């Protein structure tokens with residue numbers, strides 16, 4: 001009887017962990033919409049993104065992310081600053097439906113660069129303050145280098161086919177997350193390669209694959225995204 005009770009106890013402890021195991025060999029999928037809008041002719045605007053992420057192609061929730069921010073672009077500075085808020089719901093891989101909610105405030109600096117007349121680079125620096133359920137306040141720092149390479153033009157626009165690449169690294173601001181739990185300073189790295197097409201001068205679509213590597217696992221994700229720029233006048 002004692003052995004049976006121990007076996008049941010061990011099964012109860014191991015099963016939740018096994019259910020949370022990320023299946024690294026299976027392709028996930030992210031469906032995303034990004035927007036950037038100017039508010040009149042002044043320096044202010046809004047930007048954000050809506051993302052639906054799945055551990056597979058649609059019925060195992062990884063995350064729902066809703067992010068919006070106020071942008072400020074000083075005249076002639078060639079840089080855009082953003083202050084924003086994000087709401088994130090994170091699911092559990094596998095059959096379990098448990099979710100964890102996160103509130104996040106972020107600050108961002110974005111500046112473009114053009115090399116060789118065809119390589120369109122964008123540097124993004126982002127700082128985040130994160131409130132996750134059951135954890136202390138966490139901070140994180142991110143750097144992303146985007147590279148777009150038009151194949152049949154020198155700039156992105158209607159009818160333009162382009163290669164899209166990026167690499168982003170995430171660094172935690174602290175290792176202690178509360179109740180004696182710790183994480184590493186290295187949070188994750190994302191490397192992406194895709195192809196895009198300009199439906200209009202202000203609307204592009206992309207299809208690609210992204211490898212995400214964390215301290216515990218590495219997994220490929222298909223990415224389907226729309227990128228929309230417009231203005232309110």
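The values are calculated or read from the model by the stated rules, or taken from the named source; none is laboratory data. Just so you know, these numbers come straight off a predicted model, no measurement behind them. Don't worry about glycine lacking a Cβ; one is built from the backbone with ideal geometry, like all the others, and counts go over all protein chains shown.
Of note:
- Segment 42-54: number of residues that are closer than 16 Å to residue 228 by Cα and surrounded by 17 or more Cβ atoms within 10 Å (Cβ to Cβ): 5
- Selection status of residue 47, without any contact (Cβ under 8 Å) to a residue 40 or more places away in the chain, in contact with a strand residue (DSSP E or B) (Cβ under 9 Å, 6 or more places away or on another chain), farther than 22 Å from residue 122 by Cβ and not in a loop (DSSP other than H, G, I, E, B): no
- Flag if residue 180 is surrounded by fewer than 16 Cβ atoms within 10 Å (Cβ to Cβ) and at pLDDT below 95: yes
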